[in-house]
Amino acid sequence: MGAWEFYITTLLVYFAIDVLSAYSLNLQFGFGGIINLSYIIFQAIGAYVAASVSLGPDTGANAFQTYLFGASLPFPLPLILATLAGAVLALVIGSFGLRRMRKDYQAAVLLIVSLIAWQVVSSDTHLFNGSNGVTGVGRPLGTTLPLSSLGYQWIYVVWTLVICAVVYLLVRWLSVSPWGRALRAMRDQEDAAISLGINVTALRLQVFVIGGAIAGLSGGLLVEYIGAWSPGAWGYAETFVILTAMFVGGNRNYKGVVLGTLLVPILFLELPRFLPPFGYPGLIDSLEWVVIGLMWMASLLIRPQGIIPEKRNLVYAGNFDGVLRGRSMSKLSLRRTQKAEAK
Amino acid sequence: MIESEKLADAPVERTASDGDGRVVLSARDVVVRYGGVVAVDGVSFDVKAGEAVGLIGPNGAGKSTMLASLGGQAKAAGGSILLDGRDVTKLSAYRRARLGLLRTFQSTSEFGDMTTFENLVTAGNGFKGASLTSVVFHRKENSRSDREIAGRAWEMLERFDMTHVANAYAKELSGGQRRLVEIMRCLMTSPKLLLLDEPMVGVAPHLVEKLVGDLCAIRDEGISIIIVEHALEVVRALSNRVVVMSFGKKIADAPYDEIVNNREVQDAYLG
Ligand SMILES: Nc1ncnc2c1ncn2[C@@H]1O[C@H](COP(=O)(O)OP(=O)(O)OP(=O)(O)O)[C@@H](O)[C@H]1O
Ligand SMILES: [Mg+2]
């Protein structure tokens with residue numbers, strides 16, 4: 001029983017963290033039209049920063065590890081710094097990677113950035129301990145909370161889900177705001193958006209930075225949970241898992257991306273654990289990537305809007321909440337408005 | 001914020017015109033090149049407050065390119081553009097828009113995955129709405145002005161018999177309806193100068209009349225208009241003055257009646 005509970009709670013934590021990633025990508029792509037193929041490096045920097053500032057001084061326990069400055073900041077500072085790190089990295093990369101150019105070139109630039117970052121961090125042991133990565137990151141409040149390890153698991157589940165809820169409220173509020181509409185206008189017709197006085201360069205950078213901050217936060221949460229982080233965890237292909245989740249579930253719709261996250265990185269990627277092993281070692285892993293690619297293609301061909309499509313913001317004479325607040329109208333108030341309209 | 005938003009906060013002066021003859025826009029020897037092609041070749045003209053100018057000429061004459069150089073979409077290789085006496089030649093397109101220079105495009109430019117209503121509200125919000133600082137720090141005032149803008153957007157739809165497609169995505173609209181969305185979008189802002197590139201293409205005849213009426217009303221409010229249009233009856237109804245272009249050059253600049261009797265214009269354009 002204990003093992004199962006441990007497994008389920010772990011999945012729930014991963015789910016919450018992947019949902020954060022999906023929110024971030026959805027804001028950037030679904031609303032801003034930016035195909036961020038370098039997503040994973042923003043999560044990675046969050047993880048590295050949170051790890052570096054909480055590892056503490058070198059005790060000799062992990063002999064092969066270089067310690068950055070021996071800081072061991074109290075909760076929640078590492079998470080805040082992780083969030084900031086994601087934002088700052090996004091600002092730096094966005095200011096050259098988001099120049100006005102064709103969308104496909106932009107995507108290519110971001111993918112290349114992701115590959116370079118991975119190579120550099122893997123090879124340079126002084127940065128974040130190279131390909132071995134960092135280990136021994138303590139869990140936040142792990143010594144203060146007098147709980148069994150299973151109890152702690154559940155606390156972490158609740159904690160990540162709470163953060164998910166808060167981030168959801170934030171991104172939703174932003175996307176129904178005039179700023180969010182300007183974002184969609186830029187996505188649909190950049191020239192027309194500019195000709196309404198919208199500074200699309202700034203807008204793109206803003207949404208990229210906000211997405212980067214959420215990514216950094218997700219990385220911090222992840223490393224504090226698993227206690228270790230290395231290049232093995234953030235290959236460029238990880239970005240594609242989240243993107244696939246977003247496309248399958250329904251980009252531009254927050255419920256859709258949550259559903260996609262449940263289907264792709266959780267249900268689908270966990271499935272092989274329950275299959276009898278077959279083929280040579282590593283075959284199942286490789287097949288997973290093949291199927292991820294197929295899923296992405298299939299969803300674009302069969303149902304490009306995703307399982308749950310974008311919600312239409314409906315308005316009626318005198319009732320504009322659909323557009324101004326993204327609020328759908330109840331059947332009752334709908335009937336009332338229509339009656340009033342008919343008069 | 002990332003980009004200076006001082007312009008956003010500066011109140012924009014809008015003087016109601018009483019035909020005071022104040023020059024709003026002045027193009028001086030504007031040259032635009034596409035590689036080897038000189039699309040606009042030293043064109044100059046002035047537009048006064050509340051004046052509507054027709055810009056006509058055969059296909060490929062450089063009319064759209066001229067508008068693009070005024071709007072900032074195309075870079076002028078020579079000459080200068082003054083808006084209210086201020087040199088805006090080096091100013092990017094969005095900054096010119098903030099100064100009150102609004103435009104439509106020859107190919108429709110609706111926000112396709114937004115509803116008709118959202119298209120109008122987005123225009124009404126304008127660049128202030130796109131400002132993150134304003135969204136975060138002025139929530140109360142914004143929610144009030146959002147309601148006011150939404151109300152205006154609905155009235156606009158009523159005015160053009162478009163309430164039945166308020167909730168349609170703009171990409172689902174017909175060609176003529178998309179044109180209307182573009183023009184309504186411009187009307188939602190309060191421009192100083194409107195650049196319209198063939199706004200009547202695909203619009204139903206009875207709506208053309210209505211649109212011309214509306215544009216006349218706008219003009220009489222003191223907003224200047226430059227309209228590129230092949231339908232000469234529209235130009236005649238709206239503009240007191242017509243500029244004719246051919247092969248990138250300005251070949252005439254006179255009242256409509258003179259233009260139609262002008263030999264050179266007839267040769268180049270009217271046939
Ligand atoms: N993006 C571009 N690249 C290269 N050449 C261009 C470009 N846009 C326009 N041109 C050229 O510039 C010249 C003027 O084109 P423009 O579109 O301004 O004409 P127009 O007067 O608007 O014509 P129409 O009435 O057909 O719209 C044409 O010779 C055209 O081929
Ligand atoms: Mg043209």
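Restricting attention to the range B:35-49, and to residues there that are part of a strand (DSSP E or B) and free of Cβ contacts under 8 Å to residues at least 24 places away in the same chain, which single residue is nearest to ligand 1 (Cβ to nearest atom)? Outline the logic, then answer.
Step one: of the range B:35-49, the residues part of a strand (DSSP E or B) are B:37-48.
Keeping just the survivors that are free of Cβ contacts under 8 Å to residues at least 24 places away in the same chain gives B:37, B:46.
Working: B:Val37: 5, B:Asp46: 20 Å.
So, considering only residues that are part of a strand (DSSP E or B) and free of Cβ contacts under 8 Å to residues at least 24 places away in the same chain, the one nearest to ligand 1 (Cβ to nearest atom) is B:Val37.
Could you tell me how many of the residues in the range B:191-228 are within 16 Å of ligand 1 (Cβ to nearest atom), over 19 Å from B:Arg159 (Cα atoms) and surrounded by fewer than 22 Cβ atoms within 10 Å (Cβ to Cβ)?
Within the range B:191-228, residues that are within 16 Å of ligand 1 (Cβ to nearest atom), over 19 Å from B:Arg159 (Cα atoms) and surrounded by fewer than 22 Cβ atoms within 10 Å (Cβ to Cβ) number 2.
Taking the range A:105-122 as the search range and keeping residues that are in contact (Cβ under 8 Å) with a residue 60 or more places away in the chain and not aliphatic (A, V, I, L, M), which one is surrounded by the most Cβ atoms within 10 Å (Cβ to Cβ)?
A:Ser114
Can we say B:Leu70 is touching a strand residue (DSSP E or B) at 6+ places or on another chain (Cβ under 7 Å), aliphatic (A, V, I, L, M) and within 8 Å of chain A (Cβ to nearest Cβ)? Working first, answer last.
Details: touching a strand residue (DSSP E or B) at 6+ places or on another chain (Cβ under 7 Å): yes; aliphatic (A, V, I, L, M): yes; within 8 Å of chain A (Cβ to nearest Cβ): no.
Against the criterion (touching a strand residue (DSSP E or B) at 6+ places or on another chain (Cβ under 7 Å), aliphatic (A, V, I, L, M) and within 8 Å of chain A (Cβ to nearest Cβ)), B:Leu70 does not qualify.
Given the structure, is B:Leu91 under 19 Å from A:Asp188 (Cβ atoms) and more than 16 Å from ligand 1 (Cβ to nearest atom)?
On the way: under 19 Å from A:Asp188 (Cβ atoms): no; more than 16 Å from ligand 1 (Cβ to nearest atom): yes.
For B:Leu91, the condition - under 19 Å from A:Asp188 (Cβ atoms) and more than 16 Å from ligand 1 (Cβ to nearest atom) - is not met.
Assigned to a helix (DSSP H, G or I), more than 9 Å from chain B (Cβ to nearest Cβ) and surrounded by fewer than 23 Cβ atoms within 10 Å (Cβ to Cβ) - does that describe any residue in the range A:192-205? Steps first, please.
To start, the set of residues in the range A:192-205 that are assigned to a helix (DSSP H, G or I) comprises A:192-195, A:200-205.
Now narrow it down to the ones that are more than 9 Å from chain B (Cβ to nearest Cβ): A:204.
Then drop every residue that is not surrounded by fewer than 23 Cβ atoms within 10 Å (Cβ to Cβ), which leaves none.
Within the range A:192-205, none of the residues are assigned to a helix (DSSP H, G or I), more than 9 Å from chain B (Cβ to nearest Cβ) and surrounded by fewer than 23 Cβ atoms within 10 Å (Cβ to Cβ).
Taking B:Gly36 as meeting all but one of (1) within 16 Å of ligand 2 (Cβ to nearest atom); (2) more than 14 Å from chain A (Cβ to nearest Cβ), write down the number of the exception.
Of everything listed in (1) within 16 Å of ligand 2 (Cβ to nearest atom); (2) more than 14 Å from chain A (Cβ to nearest Cβ), B:Gly36 misses just condition (1).
Yes or no: B:Ala52 under 18 Å from B:Val244 (Cβ atoms), hydrophobic (A, V, I, L, M, F, W, C), at pLDDT below 95 and within 16 Å of ligand 1 (Cβ to nearest atom)? Write out each step before concluding.
Details: under 18 Å from B:Val244 (Cβ atoms): yes; hydrophobic (A, V, I, L, M, F, W, C): yes; at pLDDT below 95: yes; within 16 Å of ligand 1 (Cβ to nearest atom): no.
So B:Ala52 does not fit the description; no.
Just to be sure I understand the filter: pairs with C-beta atoms under 9 Å, separated by 6 or more residues or on different chains, first member in the range B:113-127 and more than 7 Å from chain A (Cβ to nearest Cβ), second member basic (Lys, Arg). Which pairs pass?
Going by the 9 Å Cβ cut-off, the qualifying pairs are B:Asn119/B:Arg185; B:Leu120/B:Arg152; B:Leu120/B:Arg185; B:Gly124/B:Arg152; B:Gly124/B:Arg185.
Residues are listed down the side, and each one gets a yes or a no for (1) in contact with a Gly (Cβ under 6 Å, 6 or more places away or on another chain); (2) modelled with pLDDT under 90; (3) polar (S, T, N, Q):
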position: B:Ala8; (1), (2), (3): no, yes, no
position: B:Asp29; (1), (2), (3): yes, no, no
position: B:Gly42; (1), (2), (3): no, no, no
position: B:Gly78; (1), (2), (3): no, no, no
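Return yes or no: is A:Leu183 hydrophobic (A, V, I, L, M, F, W, C), in a helix (DSSP H, G or I) and away from chain B (no Cβ under 13 Å)?
Working: hydrophobic (A, V, I, L, M, F, W, C): yes; in a helix (DSSP H, G or I): yes; away from chain B (no Cβ under 13 Å): no.
Criteria not met by A:Leu183.
Can you confirm whether B:Arg219 is more than 17 Å from the chain's Cα centre (by Cα), in a helix (DSSP H, G or I) and away from ligand 2 (no atom under 16 Å from the Cβ)?
Values: more than 17 Å from the chain's Cα centre (by Cα): no; in a helix (DSSP H, G or I): yes; away from ligand 2 (no atom under 16 Å from the Cβ): yes.
No.
Would you pick out the residues in the range B:92-106 that are out of contact with any Lys or Arg (no Cβ under 6 Å at 6 or more places or on another chain) and more than 7 Å from every other protein chain (Cβ to nearest Cβ)? Explain how you work it out, then say what you get.
First, the residues of the range B:92-106 that are out of contact with any Lys or Arg (no Cβ under 6 Å at 6 or more places or on another chain): B:92-99, B:101-106.
Matches in the range B:92-106: B:Ser92, B:Arg95, B:Arg96, B:Leu99, B:Leu101, B:Thr104, B:Gln106.
Among the residues of the range B:163-187, which ones are within 9 Å of another protein chain (Cβ to nearest Cβ) and in contact with a Gly (Cβ under 6 Å, 6 or more places away or on another chain)?
B:Ala170, B:Lys171 - these are the residues of the range B:163-187 that are within 9 Å of another protein chain (Cβ to nearest Cβ) and in contact with a Gly (Cβ under 6 Å, 6 or more places away or on another chain).
The values are calculated or read from the model by the stated rules, or taken from the named source; none is laboratory data. Bear in mind the structure is a predicted one, so any value in this text is a computation, not a measurement. Note: ideal-geometry Cβ built from the backbone for every residue, glycine included; neighbour counts use all protein chains shown.
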